[in-house]
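K.L.:
One structure is given below, represented as structure tokens, and several questions about it will come after.
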Amino acid sequence: MNDINDLIEALSIEQLKALINKAHELIEQKKSGEIEAIREQMVEMAKRVDMAPEEVLNYSSRKRRPGKPKYRNPNDPEKTWTGRGKPPRWLKDMEDPESCRIPE
């Protein structure tokens, strides 16, 4: 390793810049090769479960069930809110939001 350090120390600024540029090029080439190898592995692994790699990446074993509505808009009964996430504007604008609660 000292030999490499000695060689680098002996280089001029221009030679060091050229070395840096060449190193960046080689890094990109190696990265491209590794990405391609990983891509091929992912395709093969996805085939084992009869899926495309994109499907595997987007797959979630946790299935969200739609929540049971807990609030109903008195002005438009079609609009409900489960109590999850950001409250809808119609509920925020209510003077007494609890008056919109659906009895259990």
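K.L.:
Looking at region 1-79, which GluC sites (Glu not before Pro) are DSSP coil and have at most 15 other C-beta atoms within 10 Å of their C-beta?
P.N.:
Numbers: sites: Glu9, Glu14, Glu25, Glu28, Glu34, Glu36, Glu40, Glu44, Glu54, Glu55, Glu78; in loops: Glu78.
Sites meeting the loop and neighbour criteria: Glu78.
K.L.:
Right, another one. How high is the FRET efficiency from Ser99 to Arg64, r the C-beta distance, R0 41 Å, rounded to 0.05?
P.N.:
0.90
K.L.:
Shifting gears a bit: Using only Cα atoms, what is the ratio of the radius of gyration of the chain to 2.2 N^0.38 Å?
P.N.:
2.33
K.L.:
Using a Cα-Cα cut-off of under 23 Å, which lysines could be cross-linked to Lys68, ignoring same-chain neighbours fewer than 8 residues away?
P.N.:
Qualifying lysines at Cα under 23 Å: Lys79, Lys86, Lys92.
K.L.:
Could you check the spin-label model distance between Glu78 and Leu7? Points 7 Å from the Cα along Cα→Cβ, value in nm.
P.N.:
Distance between the two pseudo-spin positions: 7.4 nm.
K.L.:
With charges only on Cβ, +1 for K and R and -1 for D and E, what is the dipole size of the chain about its Cα centre, in debye, rounded to 20?
P.N.:
Roughly 1040 debye for the chain.
K.L.:
Considering the chain as a Gaussian network with a 10 Å cut-off on Cα pairs, which listed residue, Pro77, Pro53, Pro66, attains the greatest mean-square fluctuation?
P.N.:
Result for the chain, Cα springs under 10 Å: Pro77 fluctuates most.
K.L.:
Between helix 13-48 and the chain, what is the angle of the helix's C-alpha long axis to the longest principal axis, kept within 0 to 90° and rounded to the nearest 10?
P.N.:
50 degrees
K.L.:
Can you tell which of Gly67, Val49, Leu91 lies farthest toward the positive end of the dipole of region 36-92, using +1 and -1 charges on the Cβ of basic and acidic side chains (Lys, Arg; Asp, Glu)?
P.N.:
Working it through, the farthest residue towards the positive pole turns out to be Leu91.
K.L.:
Another one. Mind checking the alpha-carbon convex hull of region 2-58 and giving the volume per residue in Å³?
P.N.:
Hull volume normalised by residue count: 109 Å³.
K.L.:
Compute the signed sum of charges (Lys and Arg +1, Asp and Glu -1) over the other residues within less than 11 Å, Cβ to Cβ, of Val56. Please list the in-between numbers first.
P.N.:
Working: positive: Lys47, Arg48; negative: Asp50, Glu54, Glu55.
That works out to -1.
K.L.:
Next question. Give me the aspartates and glutamates in straight-line cross-link reach of Lys47: C-alpha distance below 16 Å, same-chain residues under 8 apart excluded.
P.N.:
Within reach: Glu55.
Values quoted throughout were computed directly from the atomic coordinates according to the rules given, and no laboratory measurement underlies them. Note that this is a predicted model, so its numbers are computed, not measured. Using ideal geometry, Cβ is built from the backbone for each residue, glycine included, and neighbour counts are taken over all protein chains shown.
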